[in-house]
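Working notes for the structure below.
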Amino acid sequence: MSTQVGQLAGGKIGVAVGAEVRRETITLVPDPLLASGQIYGLANTLIDGERDVKSAFVEIRTPFLKNFEMDFAGRVDKYPGIKTNFVPKVGAKWTVTDSLAFRGTYARGFRAPALSQVTPGGAQFFQSGIFDPRRCETDEETPKPGATELDCNKSAAGTGGANPDLVPEKAKSYSLGLLFSPTSYLDIGMDFY
């Protein structure tokens with residue numbers, strides 16, 4: 001939802017708010033022949049999980065002057081098992097002339113682990129290029145006396161599971177930029193971040 005409220009020297013204050021509630025589900029079930037080991041050489045994956053995610057945001061545009069405005073925004077995300085997170089954003093734009101403007105932002109970021117990374121289950125994997133250091137030279141390809149080339153290029157299977165202890169990724173960002181419009185048909189923008 002968005003609306004305009006109040007008045008500043010540069011115009012009306014813009015306000016936008018929103019909310020989101022969603023259910024994420026993932027189900028990966030291997031083929032029965034693959035799961036029973038009757039098919040060799042293909043990876044098995046078994047994951048079955050779901051979670052409810054709730055989010056809300058607000059954004060306020062404040063035109064303090066005809067040529068200077070700021071934006072203030074924030075978002076709250078709530079994932080099961082993860083502390084409620086708030087990420088803010090502040091932006092400003094100064095229009096020096098009709099053809100030149102400067103802008104900048106500060107923001108924080110948040111990314112929760114994917115459902116497949118925290119849901120119980122697991123995936124099988126294969127790794128090749130494994131070498132035996134007692135049977136291969138230091139170049140990892142040449143067999144030592146009494147060894148074979150297979151000792152220097154083995155493969156192995158393993159399994160990996162989800163990690164319920166993963167924490168969200170967080171970030172901070174800054175940007176400065178300019179917009180230059182020397183003619184009505186040419187716009188040049190540069191941003192440093």
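The values are calculated or read from the model by the stated rules, or taken from the named source; none is laboratory data. This is a predicted model, so every value here is computed, not measured. Because the Cβ atoms are built from the backbone with ideal geometry, glycine has one as well, and the counts that use them run over all protein chains shown. Remember, those area values only see protein heavy atoms, side chains included, never the ligands or the DNA or RNA. Shrake-Rupley method; radii C 1.70, N 1.55, O 1.52, S 1.80 Å.
Once the mean 1/r over all distinct Cα pairs of region 43-99 is inverted, what Kirkwood radius in angstroms do you read off? Could the numbers behind the result be given before it?
Details: mean 1/r = 0.0673 Å⁻¹.
Mean inverse Cα-Cα distance, inverted, gives 14.8 Å.
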Could you tell me which of 9, 142, 131 has its Cα farthest along the dipole of the chain towards the positive end, charges placed at Cβ (Lys, Arg +1; Asp, Glu -1), taken about the Cα centre? 9
If contacts are Cα pairs under 8 angstrom and at least 6 residues apart, what is the relative contact order of the chain in percent? 18
The size of the Cβ-based charge dipole (Lys, Arg +1; Asp, Glu -1) of the chain about the Cα centre, to the nearest 20 debye, is 1100
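Report the extension gain between residue 48 and residue 97 in nm, rounded to one decimal, defined as 0.36 nm multiplied by the number of residues separating them, less their alpha carbon distance.
On the way: separation 49, 0.36 × 49 = 17.64 nm, distance 5.73 nm.
Roughly 11.9 nm would be gained on extension.
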Cut-off under 16 Å on the C-alpha distance; same-chain residues fewer than 8 positions from residue 154 excluded. Which lysines are left, in chain and number order? 144
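Could you report region 65-193's accessible area per residue, 1.4 Å probe, as an integer in Å²?
Numbers: 9160 Å² over 129 residues.
Here the per-residue accessible area is 71 Å².
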At what distance in angstrom do the alpha carbon centres of region 43-115 and region 116-193 lie from each other? 27
Which whole-number value in Å² is the accessible area per residue of region 1-64, probe 1.4 Å? 68
Pair residue 3, residue 185: separation of 7 Å Cα→Cβ label points (nm): 4.4
With all protein chains present, how much of the accessible area of region 1-158 (probe radius 1.4 Å) comes from carbon and sulfur, to the nearest whole percent? 57
Answer rounded, prolate or oblate for region 70-193, using the Cα gyration tensor with square roots of eigenvalues a ≥ b ≥ c: rounded when a/c is under 1.5, else prolate when a/b is larger than b/c, else oblate. oblate
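Please give the length that would be gained between residue 27 and residue 90 if that part of the chain were fully extended, namely 0.36 nm times their separation in residues minus their C-alpha to C-alpha distance (nm, one decimal).
So the chain would gain 18.8 nm between residue 27 and residue 90.
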Using 0.36 nm times the number of residues separating residue 36 and residue 78, minus their current alpha carbon distance, what extension gain do you get? 11.2 nm
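Would you mind calculating the relative contact order of region 104-167 from Cα pairs under 8 angstrom and at least 6 residues apart, reporting the percent as a whole number?
Details: 93 pairs, mean separation 27.3, N = 64.
Answer for region 104-167 is 43 percent.
For region 1-136, what does the equivalent ellipsoid look like in terms of its semi-axes, each the square root of 5 times an eigenvalue of the Cα gyration tensor, given largest first in whole Å? Mind dumping the intermediate values first?
Details: eigenvalues 519, 96, 28 Å².
For region 1-136, the ellipsoid semi-axes come out as 51, 22, 12 Å.
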Filter the cross-link list 12/170; 78/172; 66/170 down to pairs whose alpha-carbon distance in this structure exceeds 30 Å. 12/170; 66/170
